[in-house]
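**Student:** Take a look at the following structure, please.
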Amino acid sequence: MNFVFLSPHFPPNYYLFCQRLREAGFTVLAIGEPEFGELRPELRAALTWYYKVDDLHNYDELRAACGFFTERFGPIDRIDSLNEYWLETEARLRTEFGITGVKNDTIADIRHKSRMKKIFRAAGIPHARGRLVHAPADVLELAGVTGFPVIVKPDDGMGASFTYKLEDPSQVDEFFRGKPDREFIAEEFIKGDIVTFDGLADSAGKIVFCTSHVYGEGVMESVLADSHIYYYSLREIPEDLERAGRKLVAGFGVKERFFHFEFFRKPDGSLCALEVNIRPPGGFTLDMFNYSCDLDLYAVWARVMTGEPLALDYKRKYHCCHIGRKYRLAYKHSHEEIMGRLGAMVVQYQELPPVLARAMGDCVYLVRAEKLAEIKTAISFIQE
């Protein structure tokens, strides 16, 4: 089977997808901007062919690359980057080259927050009220029902980019005076903790792996305040969260893909759907999957892509936590002190590239423990 992988060098841990595809028997064909010699050795060894382009945003170059692969290796069976940034590009290429997966006719459902709300509603999942907005009056109309503050963000946005928290009518006017040239959605502000339902579905839509994470602070809040973030996995998924998550896997028709569903856990204990992402969670969350269960989800995903039946036997043995730090903040404990005290718990330490740092941290400690109390102690020590 021929698998085309876009941008195999970024994020930096995604070379493992290509490596596991090769091990599963795929012919791995990649398209990227760096010179082949600049790729890490493990990635170079996994690739049957690397097609360098000047700009991954240039669709004509991507079309030429896929045409070359088709002529030399035969039909392309799959194409992906597992990166939200390229979802629409992938859908366009799948449509043009007749490749299995999300295509142009369904991509809007998983990219546009306004479309997501329709599927939330159909699945009977409570969700934040919102509407597309084109003028201050649209936001004020929503605020008249929900009250301030109101959150405005791109309808097809990623992460917390171009996200604003508007506290009053004057800020609404200010936002529209400098509004970027793209479509925005306004949503009611929901007070609560962000919890997730994450996992991987096979070619029939069956969930082969799932887990859940709790955020100490949302990515939006972290980006807006340029503060540090932490989030940790649960060993047991709350029943209501898993029930809602499984409904959304079915409602969005998730097949052969990772999923990352975000909800608010409100102060009264109820759930409110925030958004869906049909790709792996960001940062090193996929590695957290592995550390929490002693699994290799990169390899599991590659097996799913073969289409062979897969029954995965796993246990969530540990809580695993992402604990970020920002270089601009003065911390009480040095890296050496952290490793001296928590070294046995630290399964990975990583410095992040600037494009990821504002949301996830300039540097990240991944720690794991069987007891949540130990995780919370580690968070306090590292971020103090």
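**Student:** Roughly speaking, what % of Cα-Cα pairs in the stretch 5-106 are separated by over 24 Å, rounded to a whole number?
**Tutor:** Details: 722 of 5151 pairs.
When every Cα pair of the stretch 5-106 is considered, 14 percent fall beyond 24 Å.
**Student:** According to the square roots a ≥ b ≥ c of the eigenvalues of the Cα gyration tensor, what is the shape class of the stretch 283-384, taking rounded for a/c under 1.5, prolate for a/b larger than b/c otherwise, and oblate for the remainder? Display every interim value, and only then the final one.
**Tutor:** On the way: a/c = 3.25, a/b = 1.70, b/c = 1.91.
Oblate is the answer for the stretch 283-384, as a/c is 1.5 or above yet b/c matches or exceeds a/b.
**Student:** So what's the chain giving for Rg/Rh, alpha carbon basis, Kirkwood Rh from the mean inverse pair distance?
**Tutor:** Working: Rg = 21.2 Å, Rh = 22.0 Å.
Result: Rg/Rh = 0.96.
**Student:** Please work out how many pairs of lysine residues in the stretch 290-380 are eight or more positions apart (or on different chains) and have Cα atoms closer than 27 angstrom. Please report the intermediate quantities before stating the final value.
**Tutor:** Numbers: LYS315/LYS371; LYS315/LYS376; LYS317/LYS371; LYS317/LYS376; LYS326/LYS371; LYS326/LYS376; LYS332/LYS371; LYS332/LYS376.
Going through the stretch 290-380 pair by pair, I get 8.
**Student:** Here's something else I'd like to know. Please get the size of the charge dipole for the chain, origin at its Cα centre, with Cβ charges of +1 on Lys and Arg and -1 on Asp and Glu, quoted in debye to the nearest 20. Each step should come with its number before you reach the end.
**Tutor:** Details: 48 positive and 56 negative charges, 163 e Å.
Around 780 debye, computed over the chain.
**Student:** Dividing the Cα radius of gyration by the Kirkwood radius, what Rg/Rh value follows for the stretch 328-384?
**Tutor:** Values: Rg = 11.6 Å, Rh = 12.0 Å.
Dividing the radius of gyration by the Kirkwood radius yields 0.97.
**Student:** Considering Cα pairs under 8 angstrom that are at least six residues apart, work out the relative contact order of the chain and quote it in whole percent.
**Tutor:** Numbers: 713 pairs, mean separation 49.4, N = 384.
So the answer I get is 13 percent.
**Student:** Tell me, what % of the accessible area of the stretch 97-196 is carbon and sulfur with a 1.4 angstrom probe?
**Tutor:** Details: 2450 of 4840 Å².
Of all accessible area on the stretch 97-196, carbon and sulfur atoms account for 51 percent.
**Student:** For the chain, what does the helix formula give at 222 nm: sum of -39500 (n - 2.57) over DSSP H segments with n ≥ 4, over the residue count, nearest 500 deg cm²/dmol? Before the final figure, lay out each step's value.
**Tutor:** On the way: 15 runs with 141 residues, N = 384.
Helix-only estimate at 222 nm: -10500 deg cm²/dmol.
**Student:** Find the relative contact order for the stretch 135-217 and round it to a whole percent, using C-alpha pairs within less than 8 Å whose residues are 6+ positions apart. Before the final figure, lay out each step's value.
**Tutor:** Details: 106 pairs, mean separation 22.4, N = 83.
Computed over the stretch 135-217, the figure is 27 percent.
**Student:** List the pair-distance distribution P(r) of the stretch 178-284, using every Cα-Cα distance, as the percent of pairs falling in each 5 Å bin from 0 up to the bin containing the longest distance, rounded to whole percents.
**Tutor:** Result returned by the calculation: 2, 11, 21, 22, 19, 13, 8, 3, 1, 0.
**Student:** So, one more: Per residue, how much accessible area does the stretch 245-327 show when a 1.4 Å probe rolls over the protein heavy atoms, in square angstrom? It would help to have the intermediate numbers written out before the result.
**Tutor:** Details: 2930 Å² over 83 residues.
Normalised by residue count, the accessible surface of the stretch 245-327 is 35 Å².
**Student:** Further question: For the stretch 123-221, what is one quarter of the convex hull surface built on the Cα atoms, given in nm²? Spell out each step's value before the answer.
**Tutor:** Values: hull surface 32.0 nm².
Average of the hull's projected areas for the stretch 123-221 equals 8.0 nm².
**Student:** Report relative contact order for the stretch 52-182 in percent, whole number only (criteria: Cα-Cα under 8 Å, sequence separation at least 6).
**Tutor:** Working: 106 pairs, mean separation 18.0, N = 131.
Once normalised by length, the contact order is 14 percent.
**Student:** Using a 1.4 angstrom probe, figure out how much accessible area the stretch 76-235 has per residue, in square angstrom, rounded to the nearest whole. Present the calculation step by step, with values, prior to reporting the outcome.
**Tutor:** Values: 6670 Å² over 160 residues.
Per residue, the stretch 76-235 has 42 Å² of solvent-accessible surface.
**Student:** Quick check: with the 1.4 Å probe, what order do THR70, THR196 take by accessible area, largest first?
**Tutor:** My answer, sorted largest first, is THR70, THR196.
**Student:** If you don't mind, another one. When only DSSP loop residues count, what trypsin sites (Lys or Arg not before Pro) in the stretch 94-145 have their Cβ near at most 16 other Cβ atoms within 10 Å?
**Tutor:** Of the trypsin sites (Lys or Arg not before Pro), the ones in loops of the stretch 94-145 whose Cβ has at most 16 other Cβ atoms within 10 Å are LYS103, ARG129.
**Student:** OK, next. Take the alpha carbon atoms of the stretch 68-190, find their radius of gyration, then divide it by 2.2 N^0.38 Å using N residues; give the quotient.
**Tutor:** Working: Rg = 18.3 Å, N = 123, 2.2 N^0.38 = 13.7 Å.
Cα Rg divided by the expected 2.2 N^0.38 Å: 1.34.
The values are calculated or read from the model by the stated rules, or taken from the named source; none is laboratory data. On a predicted model such as this, the values are computed, not experimentally measured, just so you know. Because the Cβ atoms are built from the backbone with ideal geometry, glycine has one as well, and the counts that use them run over all protein chains shown. With ligands, DNA and RNA removed, areas are computed over all heavy atoms of the protein, side chains included. Shrake-Rupley method; radii C 1.70, N 1.55, O 1.52, S 1.80 Å.
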